[in-house]
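Take a look at the structure below.
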Amino acid sequence: MYCGSCLRDNTLAAELLALGHDVSLLPVYTPTRTDEENVSADLVFFGGISVYLQQHLPLFRRTPDFLDKIWDSAGVIKAFADRSVSTDPRLLGELTVSMLKGEHGFQAKEVRKLFRYLASVPAYDVISLPFSLLLGLAPPLRRETGRPLVCTLQGEDLFLDGLGEPYRSESKALIAEHASAVDAFVAVSDYYAGFMSGYLGIPRAKIHTVPLGINLAGHDPARPPRTGPFTVGYLARIAPEKGLHLLAEAYRVLRHERGLPEARLEAAGYLRAEHRPYLAGIEAKMREWGLAGEFRYHGELPRDGKIRFLHGVDVLSVPSPYVEPKGLYLLEAMANAVPVVEPRHGAFPEILAKTAGGLLFEPGNVSSLAEQLHALATDRARAEDLGRRGARGVRAHYTAAQMAERTLEVFRGGAGRDEPVGAAHTAHA
């Protein structure tokens with residue numbers, strides 16, 4: 001619910017299953033969130049409520065399993081997570097450190113539950129953890145199962161940097177300590193492979209790049225020709241690190257300083273309760289600028305709703321101040337022949353180098369963002385050409401099938417075998 005890795009990992013697991021492999025996608029903390037068919041197991045390990053209670057109330061470190069099942073049910077966890085549980089790292093430092101201590105932390109009971117489950121199912125060829133914040137599990141998994149371990153790196157630096165001291169340093173030290181129990185790391189972009197090598201002190205040769213891939217079903221590059229006012233779209237989590245406030249400011253520049261005639265700014269994406277004031281602040285600014293009637297927030301959209309949303313915009317921009325390692329929304333936009341305008345940092349330059357589906361602007365520079373948006377607003381032929389290039393580029397480089405095949409290469413290498421891997425086990429937070 002914090003980093004969006006659910007979407008990527010569910011797509012990967014579904015594609016591996018479609019290829020005939022035996023895959024278990026095990027939710028951790030909360031049920032997985034996805035806009036496609038959910039292939040995860042109908043249970044949650046390290047349930048978010050249990051983890052929190054065990055952190056703060058010693059009694060719950062000894063409660064029997066039959067009581068834990070009450071608050072470990074997916075429905076109860078989801079109800080609390082949607083309404084009252086914060087993912088603000090400033091509030092979760094002690095809990096993060098405890099989880100990274102694994103069997104020596106306050107959640108040791110949850111580690112034992114996991115191993116009882118693993119002992120009840122056939123052995124896996126490889127075990128994959130979804131990000132480094134779960135590396136407290138790596139040493140006991142190695143010891144208890146003897147299976148190769150792979151860990152994906154996909155955006156956890158944002159959370160770690162928000163922890164504050166001493167928890168940030170303690171967490172990074174624990175991750176570095178446990179990294180030796182991992183056979184291979186997977187990064188979702190070349191940028192992130194290089195960055196996380198230095199950030200966590202992991203040997204660069206141990207990190208393999210597996211670019212994102214999307215399920216192209218329903219994504220249509222032959223969308224109807226756009227008519228009406230020029231429409232700028234935003235499709236991502238509504239949070240400061242994704243930059244909707246920057247896009248709103250650039251839109252003001254377009255309308256009030258660049259002379260763009262009637263236009264629209266449309267936004268959609270998951271909104272946590274803690275970020276509602278952030279969205280309200282943007283809406284207030286749009287009213288102050290006399291542009292309230294040109295802005296709309298559509299909420300969190302299902303898969304078909306996302307595609308309809310993308311077919312209704314002329315350009316997509318998520319001007320993330322955070323140096324983004326993924327950018328799934330770029331692939332979704334370009335899959336529907338929508339050009340993108342993104343900051344020149346993180347994974348964005350390498351994605352656009354392969355797809356040629358958009359323009360880059362100077363990170364954090366509202367004038368630079370407005371300039372690139374204006375270039376597409378005043379040259380619709382260029383925008384359409386970029387859209388077509390992006391649609392071809394996504395299909396050439398960023399499909400779910402390509403992501404699955406590259407993942408299998410890493411799994412086979414991690415398992416030390418040349419024959420196909422028969423089973424993979426992915427714990428997912």
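The values are calculated or read from the model by the stated rules, or taken from the named source; none is laboratory data. Everything quoted here is computed from the prediction, not taken from an experiment. Heads up, the Cβs are rebuilt from the backbone with ideal geometry, glycines too, and the neighbour counts pull from every protein chain shown.
Does Glu156 fit the bill of being crowded, with 17+ Cβ neighbours inside 10 Å and touching a Phe, Trp or Tyr at 6+ places or on another chain (Cβ under 6 Å)? Criteria met by Glu156. When you look at Ile351, is it more than 18 Å from Tyr192 (Cα to Cα) and not in a strand (DSSP E or B), yes or no? Against the criterion (more than 18 Å from Tyr192 (Cα to Cα) and not in a strand (DSSP E or B)), Ile351 does not qualify.
Within region 176-205, being under 15 Å from Leu141 (Cα atoms) and touching a residue at least 40 places away in the same chain (Cβ under 8 Å) holds for His178, Ala179, Ala181, Val182, Asp183, Ala184. Do the conditions hold for Glu262, that is, is it outside the structural domain of Gly194 (by TED's automatic domain parsing), closer than 19 Å to Phe230 by Cα and either surrounded by 15 or more Cβ atoms within 10 Å (Cβ to Cβ) or modelled with pLDDT under 95 (or both)? Yes, satisfied.
In the condition set (1) surrounded by fewer than 23 Cβ atoms within 10 Å (Cβ to Cβ); (2) modelled with pLDDT of 95 or more; (3) out of contact with any Phe, Trp or Tyr (no Cβ under 9 Å at 6 or more places or on another chain), Pro140 is compliant with all but (3).
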